[in-house]
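Below is one structure, written out as structure tokens, with a few remarks after it.
The values are calculated or read from the model by the stated rules, or taken from the named source; none is laboratory data. Bear in mind that the values here come from a model prediction, so they are computed numbers and not experimental data. Because the Cβ atoms are built from the backbone with ideal geometry, glycine has one as well, and the counts that use them run over all protein chains shown.
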Amino acid sequence: MTVSVPALEPTPVAGCDVCAALCRQREEARAVGNGPMVRDWNDELRNHPSRRSGDWK
């Protein structure tokens, strides 16, 4: 039996308005069941310059 483990999602950097906006958009996409858009917003957040390594939940 194979168990699927959900991928870790990037978390916002405290105080960064861009990170906060990306997270809001990700949660809006999640609320309507748009998985591909959730992944897109995760990619944007992951690649945002204010990200630090190790900021994962």
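Numbers at a glance
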quantity: Selected residue (only one of VAL13, VAL18, VAL32 is surrounded by 11 or more Cβ atoms within 10 Å (Cβ to Cβ), modelled with pLDDT of 90 or more and more than 9 Å from the chain's Cα centre (by Cα)); calculated: VAL18
quantity: Test: ARG26 is in contact with a helix residue (DSSP H, G or I) (Cβ under 6 Å, 6 or more places away or on another chain) and at pLDDT 90 or above; calculated: yes
